[in-house]
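Below you will find the structure I want to go over with you.
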Amino acid sequence: MKKIGQIIKNKNPFGGKTVLDEKTVFYIFAKVIQEEFGKQGNANLSPDFYKNGKIFVKTESSNWANELWLNRQKIIREINKELGMEEVKEIKLSK
């Protein structure tokens with residue numbers, strides 16, 4: 001099965017750097033959160049916006065903010081693995 005990053009590169013008609021849209025990053029984020037935390041994770045962690053390699057995430061409680069913060073490096077690694085490129089650099093908490 002192809003990685004999303006490979007498919008996106010094939011769709012880029014101009015070659016060069018591939019630009020990811022927010023929806024793709026959010027979809028992968030939700031998939032990784034589902035695998036890591038289950039349905040409760042998706043219910044309590046929602047991506048707010050994506051800009052310059054940073055995903056800004058809203059949380060339902062400080063407990064979920066703490067879980068996200070403690071596992072952020074693993075989540076970033078998994079998102080980039082799914083994308084097939086090192087696109088996401090940070091996860092930040094939104095207010």
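Modelling each spin label as a point 7 Å along the Cα-to-Cβ direction, I'd like the ALA43/SER61 distance in nm, to one decimal.
Once both label points are built, they end up 1.1 nm from each other.
In the range 25-58, whose amide N lies under 14 Å from the spot 7 Å out along Cα-to-Cβ of LEU70? List them in ranges.
37
Need one number: nm distance between label points at GLU36 and LYS95, each 7 Å from Cα along Cα→Cβ, rounded to one decimal.
In this crude spin-label approximation the distance works out to 2.4 nm.
We did not get these values from a lab; they are worked out from the coordinates using the rules stated. Note that this is a predicted model, so its numbers are computed, not measured. A quick note on method: Cβ atoms are made from the backbone with ideal geometry, for glycine too, and the neighbour counts reach across all protein chains shown.
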